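Engineer: Got a structure here, written out as structure tokens. Questions coming.
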Amino acid sequence: MKINQDCENCPVHNIGNLKKLGINMEQYDFVVALAGNPNTGKSTVFNNLTGLRQHTGNWPGKTVTRAEGAFEYNSKKFKIVDLPGTYSLLSTSTDEEVARNFILFGQPDVTVVVVDSTRLERNLNLVLQVAEITNRIVVCLNLIDEAERHNIEIDVRSLSRELGVPVIAAAARQKEGMDELLKFVYEVANGEYVCKPYRISDDSKLLSKAVVKLQKEIEESFPGLPNSRWVALRLLEGDQSIIEAVRSGELKNLLNTEISSKELVNV
Amino acid sequence: MKNNQFDKIIAEANNLRIDLGNELHDSLMESIYKDASKIASKVVTVKDESKKYKWDQKLDRIITSRWFGLPLMFLMLAAVFWITIEGANVPSSMLASLLVDTFHPMLKNLFIDWSIPNFITGVLIDGAYLAAAWVISVMLPPMAIFFPLFTLLEDFGYLPRVAFNMDGLYKKVGAHGKQALTMAMGFGCNAAGIVATRVIDSPRERLIAIITNNFSLCNGRWPTQILIATIFIGGAVPAYLAGIVSAGAVVFIAVLGIAFSLLVSWGLSKTVLRGEASTFSLELPPYRPPRLLQTLYTSLIDRTIFVLWRAIVFAIPAGIVIWLVSNININNISIAEHFITNVNPYALLFGLNGVIILAYIIAIPANEIVIPTILMLTVMTAKITGMGEGSGVMFELDSVEQTASILYSGGWTLLTGINLMLFSLLHNPCSTTIFTIYKETKSIKWTLVSTFLPIVLGIGVTFFVTQVWRLF
């Protein structure tokens with residue numbers, strides 16, 4: 001009994017538990033979305049986990065559409081979706097919309113945000129925006145080796161505390177940190193680890209009042225919508241695609257049915 | 001009733017928005033930036049600010065410099081081609097002697113021993129097998145050298161710098177700066193480059209990028225360019241200069257392609273696709289030391305084997321077609337010869353010949369098999385003595401020199417070589433690319449434009465070159 005427990009806590013055991021399933025995604029227990037700024041190594045992480053060899057390159061904007069794959073970990077099957085790299089989720093270019101719609105409507109069980117350690121500040125903008133949409137986030141602090149080479153030091157524990165989500169230092173090209181990443185993805189998906197993501201502070205009282213008011217109405221019309229606050233903010237901003245989704249009631253359809261990959265790509 | 005409810009939410013939001021003012025989006029963005037910066041400052045420490053990216057910056061100052069950027073790019077390309085040309089010759093001839101000279105007669109004898117009808121032996125062995133063998137021996141060595149080199153450059157972070165250098169030019173001609181990226185991807189595969197144009201948001205600029213992507217020489221056309229340059233351009237200068245001059249010729253064609261893509265983009269943006277160029281930001285990734293083994297593995301498996309496999313798949317039916325058209329006779333003359341004799345007078349106006357035209361028609365599915373098709377057709381129809389036997393397929397070819405001698409005896413000249421290189425740059429995209437264009441544009445009109453515009457240009461350019469050539 002004791003030995004077993006020790007085994008489970010050992011990273012070697014965990015990585016041994018990883019079964020790369022490639023594109024075999026017939027049945028899965030959890031969906032993982034892989035988001036991040038362009039050229040932070042999302043595809044490399046994707047390849048490490050699935051055993052697929054999606055072409056990677058030192059080259060922003062390489063993944064235009066989504067790639068999907070699967071892996072098995074601790075006898076749970078995960079479908080993983082490699083989203084195109086985006087700087088934000090607020091503007092309206094096609095690739096940003098693909099990423100945003102998936103995180104918003106595809107309802108992944110975990111969203112892994114891959115960030116570039118050498119450019120943490122700018123990458124955090126996206127993390128904070130993702131944190132507005134979903135609670136289940138794991139931050140993969142990638143390219144940590146490059147940061148070290150450039151004399152940049154990051155306090156991983158503090159970052160995790162500040163963000164309220166697990167943060168894992170990784171060097172995906174060298175396959176470092178993948179075992180820990182898997183462990184936290186598993187725990188967040190399972191509900192063992194409950195994230196309390198950082199929320200952007202809004203200074204204006206007027207705004208918070210408006211948001212609360214609108215949020216209530218949205219929740220009445222779309223019961224069970226997990227990110228009503230985010231939808232309220234977009235409505236207040238006058239985001240046309242979200243206004244359209246509310247007007248047509250599409251928001252509701254998206255809530256109940258799982259969207260197939262093809263539909264999303266063509267959105 | 002439900003709809004009313006939804007409309008109510010929107011009306012409510014609109015009312016609230018009036019109170020909040022229009023700067024909400026900006027102020028939200030601002031608070032995101034502020035918070036991100038606050039968190040980052042808490043957790044990041046930079047030990048020695050002055051050392052940070054010093055090396056990267058120095059290198060970028062040269063690579064993306066206004067004066068050295070473009071010449072350096074041409075030099076880099078030339079070096080890659082030179083290594084490819086010098087390195088591919090020996091393995092190519094080894095493969096040819098193995099697959100074409102040794103296995104082919106063996107297989108053929110086997111079929112004869114089993115008394116399989118001549119017709120079937122012809123279609124399978126002299127057609128399908130031989131075409132596949134040709135494709136492998138002509139294409140595998142240059143690809144196995146070229147792709148890893150190209151992938152190393154990509155891994156290192158050079159390609160986005162190319163885009164950075166080209167961006168200004170594309171903007172000047174009224175196209176999107178990101179077209180420089182999709183153009184660079186087209187150097188690998190046009191179909192991939194066309195899918196990549198999705199990064200361009202404006203439909204107008206995206207169409208320009210799609211139509212002009214074919215001017216990037218692709219995987220399938222590099223070997224054609226390299227082989228023809230080696231034979232005709234390299235053959236026209238002293239031996240010690242041959243490698244460098246033929247590499248220069250290939251770079252020239254590639255640069256000509258870029259020039260055409262700029263020219264056509266300019267033409268389109270001034271006429272049917274008028275509009276302003278939109279701006280975008282391109283982040284230059286840091287230089288990363290490429291991982292040698294991984295690069296070798298991925299470029300060999302993902303690119304080389306993938307492209308080669310596609311070529312073989314297309315070569316087998318093409319080989320059958322080639323055998324059939326050269327062996328089915330009407331009035332004692334084969335279909336191929338009928339075609340070639342009839343087309344020759346016109347083709348000669350453009351400095352090409354009937355064989356090349358027929359080869360391009362047969363090779364529409366894949367550019368990769370143009371050279372093997374030309375060689376097989378030349379041998380089968382020219383009835384080259386000493387190399388032909390029976391139906392004209394049993395010949396030896398174990399080096400570039402022998403390829404050259406086949407072509408020379410087929411009546412080829414330096415002019416034919418130059419025009420073939422030009423025509424290989426300027427002709428219709430392969431069927432995969434055409435299909436991709438249709439899928440991406442959903443428009444038959446733009447698909448047809450993308451298909452025929454390069455052919456018209458190709459015919460014009462080769463005609464012009466030929467007429468000027470003949471003046472002197």
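The values are calculated or read from the model by the stated rules, or taken from the named source; none is laboratory data. Everything numeric in this text was worked out from a predicted model, so none of it was measured. Glycine gets a Cβ as well: all are built from the backbone with ideal geometry, and neighbour counts include every protein chain shown. To get the accessible areas, we keep the full protein, side chains included, count just its heavy atoms, and leave off ligands, DNA and RNA. Shrake-Rupley method; radii C 1.70, N 1.55, O 1.52, S 1.80 Å.
Engineer: Would you confirm, using the coordinates I've provided, whether A:K79 is within 20 Å of B:D155 (Cα to Cα), basic (K, R), in contact with a Gly (Cβ under 9 Å, 6 or more places away or on another chain) and at pLDDT 60 or above?
Structural biologist: no
Engineer: Still on this structure: Looking at region B:232-242 only, could you name the residues that are open to solvent by 10 Å² or more (accessible area, probe 1.4 Å) and touching a residue at least 24 places away in the same chain (Cβ under 8 Å)? Don't jump to the end; show me each part of the working.
Structural biologist: Taking region B:232-242 and keeping what is open to solvent by 10 Å² or more (accessible area, probe 1.4 Å), we get B:233, B:235-242.
Residues satisfying the conditions are B:I233, B:G235, B:A236.
Engineer: In region B:1-27, what count of residues is obtained for those that are among the aliphatic types (A, V, I, L, M) and at the interface with chain A (Cβ under 7 Å from one of its Cβ atoms)?
Structural biologist: The total comes to 6.
Engineer: In the list B:F111, B:F68, B:F119, which residue meets the criterion of being farther than 27 Å from B:G234 by Cβ, without any contact (Cβ under 8 Å) to a residue 40 or more places away in the chain and surrounded by 15 or more Cβ atoms within 10 Å (Cβ to Cβ)?
Structural biologist: Step by step, each of B:F111, B:F68, B:F119 is checked, and only B:F111 is farther than 27 Å from B:G234 by Cβ, without any contact (Cβ under 8 Å) to a residue 40 or more places away in the chain and surrounded by 15 or more Cβ atoms within 10 Å (Cβ to Cβ).
Engineer: Name every residue in region A:244-258 that is in a helix (DSSP H, G or I) and either surrounded by fewer than 18 Cβ atoms within 10 Å (Cβ to Cβ) or modelled with pLDDT under 70 (or both), in order of residue number.
Structural biologist: Within region A:244-258, A:E244, A:R247, A:E250, A:K252, A:N253, A:L254, A:L255, A:N256 meet the criteria.
Engineer: Can you tell me how many residues in region A:185-210 are at pLDDT 85 or above and within 14 Å of chain B (Cβ to nearest Cβ)?
Structural biologist: 2
Engineer: Is there a residue in region B:175-186 that is modelled with pLDDT of 85 or more, more than 13 Å from chain A (Cβ to nearest Cβ) and touching a Ser or Thr at 6+ places or on another chain (Cβ under 8 Å)?
Structural biologist: Yes, the conditions are met somewhere in region B:175-186.
Engineer: When B:G157 is evaluated against the numbered criteria (1) at negative phi; (2) in contact (Cβ under 8 Å) with a residue 60 or more places away in the chain, which criterion, by number, is the only one it fails?
Structural biologist: The one condition B:G157 does not meet is (1).
Engineer: Kindly provide the set of residues from region B:197-206 that are open to solvent by 10 Å² or more (accessible area, probe 1.4 Å), assigned to a helix (DSSP H, G or I) and facing chain A (nearest Cβ under 9 Å), ordered by number.
Structural biologist: Start the filter on region B:197-206 by keeping residues that are open to solvent by 10 Å² or more (accessible area, probe 1.4 Å), which leaves B:198-199, B:201-204, B:206.
Narrowing further to those that are assigned to a helix (DSSP H, G or I): B:198-199, B:203-204, B:206.
The answer is B:R198, B:V199.
Engineer: May I pose another question? Checking A:V32 against (1) more than 10 Å from chain B (Cβ to nearest Cβ); (2) at pLDDT below 85, which single condition isn't satisfied?
Structural biologist: For A:V32, the failing item is (2).
Engineer: Any chance region A:86-102 includes a residue that's within 12 Å of chain B (Cβ to nearest Cβ), buried (at least 23 other Cβ atoms within 10 Å of the Cβ) and small (G, A, S)?
Structural biologist: No: zero hits.
Engineer: Output the number of residues of region B:122-172 satisfying the condition of being under 21 Å from the mean Cα position of the chain (by Cα), closer than 20 Å to B:T304 by Cβ and open to solvent by 30 Å² or more (accessible area, probe 1.4 Å).
Structural biologist: 7
Engineer: Of the numbered conditions (1) more than 12 Å from every other protein chain (Cβ to nearest Cβ); (2) more than 14 Å from the chain's Cα centre (by Cα), A:L181 satisfies every one except a single condition; which is it?
Structural biologist: The failed condition is (2).
Engineer: Might you check whether a residue that is more than 10 Å from every other protein chain (Cβ to nearest Cβ) and either open to solvent by 50 Å² or more (accessible area, probe 1.4 Å) or not polar (S, T, N, Q) (or both) occurs anywhere in region B:32-39?
Structural biologist: no
Engineer: Do you know which residues across region B:221-234 are assigned to a helix (DSSP H, G or I), of a type outside the set (F, W, Y) and closer than 14 Å to B:L420 by Cβ?
Structural biologist: Of everything in region B:221-234, those that are assigned to a helix (DSSP H, G or I), of a type outside the set (F, W, Y) and closer than 14 Å to B:L420 by Cβ turn out to be B:P223, B:T224, B:Q225, B:I226, B:L227, B:I228, B:A229, B:T230, B:I231, B:I233.
Engineer: Report whether or not B:G188 is open to solvent by less than 40 Å² (accessible area, probe 1.4 Å) and outside any helix (DSSP H, G or I). Step through it out loud before you land on a result.
Structural biologist: Numbers: open to solvent by less than 40 Å² (accessible area, probe 1.4 Å): yes; outside any helix (DSSP H, G or I): yes.
Yes: the conditions hold for B:G188.
Engineer: Is there a residue in region B:55-74 that is in a helix (DSSP H, G or I), closer than 30 Å to B:V162 by Cα, within 9 Å of chain A (Cβ to nearest Cβ) and more than 38 Å from the chain's Cα centre (by Cα)?
Structural biologist: no
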